[in-house]
Amino acid sequence: MYYLTVDLRFAVPLALALLLSLVLYELRCRAARVRTLRHLADAAARIGTEDSWTRLSREGDTGDLAAVLNEIAFRVDRDLERTRTEKNRLNAILRGMGEGILVADADGTVTLVNPAFRTLFALTAEVEGRPLIDISRHPGLHDTFRQVTGTGTERVEELLLTSGGERIVLTHWVPLTETGTLQGVVVVFHDITEIRRLENIRKDFVANVSHELRTPITIIKGYAETLASGGLENQGQATRFVSIIATHAERLATLVDDLLTLSRLESGNVSLEVKSVPVEVVAGRVASLLEQKSQAKQILVDVSGLAGTPLVLADPGRLEQILVNLLDNAIKYTPSGGAVTFSAACEGNLVRIGVHDTGMGIATRDLPRVFERFYRADKGRSRDEGGTGLGLSIVKHLVQMQGGSVSVESSGRGTSFFFTLKRALTLSGEKRPLHEDLSILQQSRDVGIG
């Protein structure tokens, strides 16, 4: 009975102490679990953000949950990395495209453009998020947008743009749909200005060649038929007819030769043998070659302006052909009693050579086109002089092949043609002796286009 009383007296406080300990332990465990859960929640909130991910410990009661979060984080990071890679690849493609790209939603709000589109429309400010009408008020652009969004079908339209210069643009419109609902449009802008220009050049070339060939052929045929039908009986008349036939046959041969030359030049199928060449010596030889033509019109050809000109880097045969074409052109368009002079000036590492005549000059509107094939400022007069309309175009290609450029100036009276070639320096920086210059030229006298 005594021991039972003692036990009861101590048992109650012990029980209370034990209960309190259990409560405190549970509270501490709950606090630890709460901290762990909060840590897991914070970690879960960082999934998919730019914050770095630290793998969670799998120890404790929340180990399984931590493992799941680790796996989710790994997959999300992997998918985000793939997305970033695809986005960077897409941006690189858009930046590298020569075609302009426009993406707009169904309401006409721009969501994406690439640099080529900005260049095409001369845009400098940000355009994403702005209405399409703020970017361009071109009526064809908005009409096509309404048609595509209204019908949900693709369209191909050609537009003439005037912003930043006149451009011809072929546009391809593709509707964007999702689950049958129109979300927007993608438009590809392909600048075909150069293609159209080349097509026009081709058409003009065919028309010009046909005309240039038809004229002498018609004349040759007409006089040949006259001779065949009795014209040979009159010896004087027959001689004149044969002379006319020979003249136009020569014109045909010259035209064909020029066409073949120009074709080889434009295709790059021409070899160059670049040397240090004395311009003054080559020009003197060219003046001698055309002396009969110049004397027939009492035209003075003066090459003294080339005295002391530094050597140039050029193919001697090609340089001779350049000067022949320019001098021949100057003699044709200079009236009797006029003059043709040569000049040269150093511009850095270039030598600028000029051929100047005292002819009627070239109208300002014609100056930009004189180097085009078959272009004539005075068509009738050029044909009377026997020109093919290809000489200046050949000059341009020959000069450009050798790293130079061509230009023309005319102020209403007289015309000056200029071309540049690279300056050649000897090891000592001095000019070669004249006998060496003559030797160089002699080696290239028979060089032709081929």
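The values are calculated or read from the model by the stated rules, or taken from the named source; none is laboratory data. As the structure is a computational prediction, the values presented were derived from the model and not from experiment. As a convention, Cβ positions derive from the backbone with ideal geometry for all residues, glycine included, and neighbour counts pool all protein chains shown.
This table checks each residue for (1) within 30 Å of residue 393 (Cα to Cα); (2) assigned by TED's automatic domain parsing to the domain that holds residue 245; (3) aromatic (Phe, Trp, Tyr).
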{"residue": "111", "(1), (2), (3)": "no, no, no"}
{"residue": "123", "(1), (2), (3)": "no, no, no"}
{"residue": "152", "(1), (2), (3)": "no, no, no"}
{"residue": "163", "(1), (2), (3)": "no, no, no"}
{"residue": "166", "(1), (2), (3)": "yes, no, no"}
{"residue": "173", "(1), (2), (3)": "no, no, yes"}
{"residue": "199", "(1), (2), (3)": "yes, yes, no"}
{"residue": "210", "(1), (2), (3)": "yes, yes, no"}
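Which residue is surrounded by the most Cβ atoms within 10 Å (Cβ to Cβ), if the candidates are limited to the range 134-169 and must be free of Cβ contacts under 8 Å to residues at least 40 places away in the same chain, among the aliphatic types (A, V, I, L, M) and in contact with a His (Cβ under 9 Å, 6 or more places away or on another chain)? Can you show your working first?
Here is the first cut: in the range 134-169, the ones free of Cβ contacts under 8 Å to residues at least 40 places away in the same chain are 134-144, 146-148, 150-160, 162, 165-166, 168.
Then keep just the ones that are among the aliphatic types (A, V, I, L, M); that gives 135, 141, 148, 156, 159-160, 168.
Subset that is in contact with a His (Cβ under 9 Å, 6 or more places away or on another chain): 156, 159-160.
Working: 156: 11, 159: 16, 160: 11.
Looking at the filtered set, the residue picked out is 159.
What is the one condition in (1) touching a helix residue (DSSP H, G or I) at 6+ places or on another chain (Cβ under 6 Å); (2) assigned to a strand (DSSP E or B); (3) loosely packed, with under 15 Cβ neighbours inside 10 Å that residue 172 does not satisfy?
(1)
Name the one entry in 319, 289 that is hydrophobic (A, V, I, L, M, F, W, C) and under 18 Å from residue 404 (Cα atoms).
On the way: 289 fails: under 18 Å from residue 404 (Cα atoms).
Exactly one of 319, 289 is hydrophobic (A, V, I, L, M, F, W, C) and under 18 Å from residue 404 (Cα atoms), namely 319.
For residue 280, only one of the following conditions fails: (1) surrounded by fewer than 17 Cβ atoms within 10 Å (Cβ to Cβ); (2) under 40 Å from the mean Cα position of the chain (by Cα). What is its number?
The one condition residue 280 does not meet is (1).
Among what's in the range 298-319 and is closer than 15 Å to residue 288 by Cβ and among the hydrophobic types (A, V, I, L, M, F, W, C), pick the residue that is surrounded by the fewest Cβ atoms within 10 Å (Cβ to Cβ).
Once the filter is applied, the top-ranked residue is 300.
Does at least one position in the range 121-133 carry a residue that is without any contact (Cβ under 8 Å) to a residue 60 or more places away in the chain and in contact with a Leu (Cβ under 7 Å, 6 or more places away or on another chain)?
Yes, that holds for at least one residue.
The rows are residues; the columns are (1) of a type in the set (A, V, I, L, M); (2) modelled with pLDDT under 90; (3) assigned to a strand (DSSP E or B); (4) within 28 Å of the chain's Cα centre (by Cα).
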{"residue": "143", "(1), (2), (3), (4)": "no, no, no, no"}
{"residue": "147", "(1), (2), (3), (4)": "no, no, no, no"}
{"residue": "187", "(1), (2), (3), (4)": "yes, no, yes, yes"}
{"residue": "203", "(1), (2), (3), (4)": "no, yes, no, yes"}
{"residue": "206", "(1), (2), (3), (4)": "yes, yes, no, yes"}
{"residue": "216", "(1), (2), (3), (4)": "no, yes, no, no"}
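Out of the residues in the range 236-269 that are among the aliphatic types (A, V, I, L, M) and farther than 29 Å from residue 399 by Cα, state the one that is modelled with the lowest pLDDT.
238
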